[in-house]
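Have a look at the structure below before the remarks.
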Amino acid sequence: MIRIMTDAAADIPKDVALKYGIEVLPFMLHLGEKSIRADIDLDPKEYYKILKESGEIPSTSQMSPADLEDIYRRLGKDGDSIIHISISQKGSGIYNTACMVSGQLNEEGFDITVVDSTMFSYVIGKPAVEAAQMAQDGKSKEEILAFLNETYHRDTAYFVVDDLTFLKKGGRIKASSMAIATVLDIKPILNINDGLVEAYRKVRGLKKAMSVLVDYAEERMDDPKNNEVIVLHSDAPDKVEIITQMLTERVNPNAISVMDVGPIITSHAGLGVIGIFFKHKQPYENYENK
């Protein structure tokens, strides 16, 4: 049997994780002196409320190597293979920890493979869910790993960030750039590129920025009639409504799904994030930044 494992940064809803037997590794969230365990039981909407009430800019930390070892031993005790799909190694140390712990256990006879998704949020989670479906359907480990490698190197997400304060704390935007962006109503469009969240383009005005996201879906989405667009957001229902209407009118995909950005990524990007994720015609790095 093949067991699929990922971490809380993948933003897989609790009911979906339970349905497909996906193990979710927690993270810890720190707001001032308060620490919160972020796992499948921490509802994103509940965390949005906590974040607004606290007034703090949070930080995150990974679970200990001992915690990870305990999970690996439990999942693999009957000889099951484990595929652990990790948040980008450039965004967290958990990938390196997982490689260290799995390497030691593999010497004992365990079968653990750690995959660096190079991604964040449900851009990790959706392929992880599909991998779990493949495992349930009896696909081989090699087939699942090939699927994950192809998907994570083809698809990315594009985001608009409303509040630059969180990015500034994380060192992802200069204070001078932040001041200019605020005065001129500049909205940075971000994408996930080679394991990092980067500024992809800057436009003036929120509605224009969301329109540009839809431009990317129009230009880059593979076979819209047979695929879906996933709208990602952190406490931004009004933006979801606007961008969903735009997608319906201009792209008309087979489906539009709405997913909450979970506590881990919200802690680094802030509230009010809106983004889209879809299957690309070709690897995302092949497209020009325009």
Problem - Potential extension, Lys34-Lys14 segment - 0.36 nm per residue separation minus Cα distance - result: 4.8 nm
Practice task
Determine the calculated [θ] at 222 nm for the chain from helices alone, applying -39500 (n - 2.57) to every DSSP H run no shorter than 4 residues and normalising by the residue count; nearest 500 deg cm²/dmol.
Solution key: -13000 deg cm²/dmol
Fill in the blank from the handout: Rounded to the nearest 0.05, FRET efficiency between Asp215 and Asn106 (Cβ-Cβ, R0 51 Å) equals 0.65
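By per-residue mean of other Cβ atoms within 10 Å, what is the highest-first order of 221-229, 103-111?
Ranking the peptides 221-229, 103-111 by packing returns 221-229, 103-111.
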Exercise for the section: Give the long-range amide H neighbours of Asp7: residues separated by 5 or more places, or on another chain, with amide H under 5 Å away, using H modelled in the peptide plane at 1.01 Å from N. Expected result: Leu25, Ile87
Exercise for the section: Positive end of the charge dipole of the chain (Lys, Arg +1 and Asp, Glu -1 on Cβ, about the Cα centre): tell me which of Ile189, Ser54, Pro283 has its Cα farthest that way. Expected result: Ile189
Handout entry: Charge sum, other residues only, whose C-beta stays under 12 Å from Tyr48's C-beta, Lys/Arg counted +1 and Asp/Glu -1
Key = -2
Problem - Those aspartates and glutamates that a straight Cα-Cα span of less than 14 Å connects to Lys45, excepting residues fewer than 8 apart in one chain - result: Asp11, Glu53, Asp235, Asp260
Exercise for the section: Just check region 1-141 against the gyration tensor rule for me: Cα atoms, a ≥ b ≥ c as the square roots of the eigenvalues, rounded for a/c under 1.5, and otherwise prolate or oblate depending on whether a/b exceeds b/c. Expected result: prolate
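With the contact rule set at Cα under 8 Å and sequence spacing of 6 or more, what percent relative contact order holds for the chain?
Averaging sequence separation for qualifying contacts and normalising by length gives 21 percent for the chain.
Tell me, in nm to one decimal, what length is gained between Cys99 and Ser54 on full extension, where the rule is 0.36 nm per residue of separation less the Cα-Cα distance?
12.7 nm
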Exercise for the section: Take the alpha carbon atoms of the chain, find their radius of gyration, then divide it by 2.2 N^0.38 Å using N residues; give the quotient. Expected result: 0.99
Practice task
Please list, in chain and number order, the residues 5+ apart from Val115 or on another chain whose amide H is under 5 Å from its amide H, with Hs placed from the backbone.
Solution key: His84, Ile85, Ser86
Problem - Using alpha-carbon coordinates, inclination of helix 44-54 to the longest axis of the chain, degrees - result: 60
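Each reported figure results from applying straightforward, stated rules to the coordinates on display, with no laboratory input. Since the model is a prediction, treat every value here as computed from it, not as a measurement. A quick note on method: Cβ atoms are made from the backbone with ideal geometry, for glycine too, and the neighbour counts reach across all protein chains shown.
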